[in-house]
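Working notes for the structure below.
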Amino acid sequence: MNRRCPIVLLATVCLVCCVQGIPGPTDPPANAFAEKELVQVDQFGGGIRAVAARGEQAFVGVGPRLFVLDVTDRAKPFALGRGPVLGGVVQDIALEGDVAWVATGDAGLYALDVSEPTGPRVIAHHPLPGAWAENVLMHEGAAIIFSDSGNFRSVWIVAIDDQQPLESRELEPIRLSSPTRGVAVFGDTIYVGAGNTANRDAPLIAAYDIADPTAPRLLHVTVLPADPLHLVSIEDRLIAITRREGLGTHLVVYERDVSGQLDEVERLAIGPEFPGMLAAHERRLFVNADAKIHVYELAEDWSPRRSGTMPSDSRLEVGGFGRMAVEEEHLYIATGDQPGLLVVAVGDTDSMSIRGGYAGPMMVDTVGLSGNRVLMSALADPRIWSVPRQGQAELGAPSILAGVESGGFDGRPEDGLIIATLGERLVAIDASDFGRPITVSVAPLASHGRNVRVFDDVAIVARLARRVDVIYTVVELFRVIEGNELRHVSALEQGASAFGGAPWRAPMLFVLDGAFLRVLDLADPHEVRPVSEMEHGLEPGPALAAVSDAKLYLATDTDLVMVDIATPAAPRIVSRYALPHGEDTLIDMAVVDGHLAILMEHELHLLALSENGRPTRTSTVPMLWGAMDMDVDEDRIYVADTLAGVSVWRIEDTQAATPTALPNAGTPVVLLPWLAR
């Protein structure tokens, strides 16, 4: 619903708009609270960080799912099928027969049967407690996994029998500080690179015997002059990409003696660029560095030479966050963020070019509802994407709202209206026919628009402004009148960084302004009338607010406050509770189906609301990457989870949930009279 502003603002303002004629949700009976839980019912979008290719099919990770693409026409790949939602965002994919082995970060290793490409299915899952499965390679009854725990990287060997993971072992003492990727495999011997660390004098390549994957055995170590960033085996040679400050980046060819020891036989300086990714096919190496694709060929005597370079293209600026795979004359690049999957023709190294790709909303940071559609936008991508709200077509790529590049937007669920900021304009768009949107009204803004919230016929817009050297936020109020025309009502020159709210039964606007809660009357479409003001007593100030019946809920990262607003002229705090936040950060809050949904960066909490408004926690579910926004309809919650795309949750009955009362966190604070300013 709102695009987050990256600038630190002077104060916190939250807006809750309450609209005439729409009653608050009805509280469920008290004995039903223990029978509700959050169940994930859909997911779409997400970053494309992993790719593997075979024949006319490409296997890509889209957020937490494995997709199978038909790439017969490389210019227009399309999805044949998608797997279920996995426990983490797909980081890497390795193919072995009809099984795709998928690394999913802290969710470990999955095996999916892809014999039927229209419906990949999970056949095994192997957690790796304490590890982060980032890269995976399959080799004769074992999965070799690179793990990134944040402070160091390590290597795990998972024994596989009949497509089922049995047990795993971490290789010691391979703990890497440099971002080494890849492993060279020769029979039962694997070679793993380790960068220079605080407890190691020099980088190295270590050889292990994994004939028994449950008991890997260190054979020997080769000390290197530079960190090995990438390793790959080609025929009987080991190829390494090494780099060291002052020495630059080199392509090094090693020969193995009878004991498996490494001897350097060829070396080629390949420039100062940092090599983000490496892929190999026969005797050709493809290196992604500084938004270019470099191709190196190994001659009959194994001497390397550069045979071609694809001109710089901003779409190739993917660093080490993506993956590459080669299939015959095409290179597949998973970029991690926009533009998604790229297909590069590399048959002729003198005329390499991007042939096509497969994309969608990647780092999703904004979600909203309009008519029968879910709207999304992504970090660094001003386009608005959309999928059907119910009965999501599994394979259809998300649609793009033509001609709209927005700084922020929100939709009106009942009729398909979208209100969006386009630079210094506020635009009302009729998107009831999403393929043919119609701009119905435009209103000027004095500066660049950011966040937007729409409640029935009220649009609340935040825009950045500057006074001398001070940046602050102006909150603009617009009414959507007959014909969906935008009419400016008022401007509140106060610092605003977040919005929250839900419809109520009176045309009231609740403004959280620093230490105060202000109640404004919007009954007159031409002006805003102050009604009351109170001090809320929260430190730090509230970031979000939501309305249920005659109760207003204010939230910080640590506390939840319930305010009685039955009499708007005299709101009063009736209770205060501690939120189960840990080290998490509050993102959004809304009322849905008689419950309060509180979104933290890493968890979504569901709180049942009793007849007296007291919240009781009934369900908590984890976010897969890092939530940034939320929207709700009658019984569903839509969460923008960045690289994990949009997850859709429904409140359903369960007998297993146990309600947990939130602890009282303090006493009501004193009300203050309205102070005209």
* Structure fact -> For Gly81, other-chain or 5+-apart residues with amide H closer than 5 Å (H placed, Pro excluded) are Val68
* For the range 224-295, what is the accessible area per residue in Å², given a 1.4 Å probe and the full set of protein chains? -> 41 Å²
* Asked: By the scheme Lys and Arg +1, Asp and Glu -1, what is the net charge of all other residues having a beta-carbon under 12 Å from that of Met534?
  -> -2
* Asked: Which residues' amide hydrogens lie under 5 Å from the amide hydrogen of Met277, considering only partners 5 or more residues apart or on another chain, with H built in the peptide plane?
  -> Asn288
* Structure fact -> Residues whose built amide H sits under 5 Å from the amide H of Leu219, excluding neighbours closer than 5 in sequence, are Ala207, Tyr208, Asp209
* Structure fact -> For the range 374-383, in residue order, the Karplus 3J(HN,Hα) values (coefficients 6.51, -1.76, 1.60; θ = phi - 60°; whole Hz; Gly and Pro = x) are 9, 9, 9, 9, 10, 4, 6, 9, x, 6
* To do: Roll a 1.4 Å probe over the protein chains and send me the accessible area per residue for the range 299-444 in Å².
  => 40 Å²
* Can you grab the distance from the C-alpha centre of the range 49-107 to the C-alpha centre of the range 515-578, Å, no decimals? => 47 Å
* To do: Select from the range 259-310 those GluC sites (Glu not before Pro) which occupy a DSSP coil region and have at most 13 other Cβ atoms within 10 Å, ordered by residue number.
  => Glu282, Glu300
* Structure fact -> With Gly61 itself left out, Lys, Arg at +1 and Asp, Glu at -1 over residues whose Cβ is under 11 Å from its Cβ give +3
* Structure fact -> Expected unfolding gain across Val41-Lys76 under the 0.36 nm per residue rule, minus the alpha-carbon gap, is 9.7 nm
* Output the peptides 638-647, 450-459 sorted from most to least packed, where packing is the average of other Cβ atoms within 10 Å over each peptide's residues. => 638-647, 450-459
* To do: Counting only heavy atoms of the protein chains, get the accessible area per residue of the range 551-647 (1.4 Å probe) and round it to a whole Å² value.
  => 28 Å²
* When the accessible area of the range 558-657 is split by element with a 1.4 Å probe, what percent falls to carbon and sulfur? -> 45 percent
* To do: May I ask for the distance between the Cα centers of the range 322-338 and the range 217-256, given as a whole number of Å?
  => 23 Å
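The values are calculated or read from the model by the stated rules, or taken from the named source; none is laboratory data. All values derive from a computational prediction rather than experimental measurement. Glycine also receives a Cβ, built like all others from the backbone with ideal geometry; neighbour counts cover every protein chain displayed. What goes into the accessible areas is simple: the full protein's heavy atoms, side chains included, and nothing from ligands, DNA or RNA. Shrake-Rupley method; radii C 1.70, N 1.55, O 1.52, S 1.80 Å.
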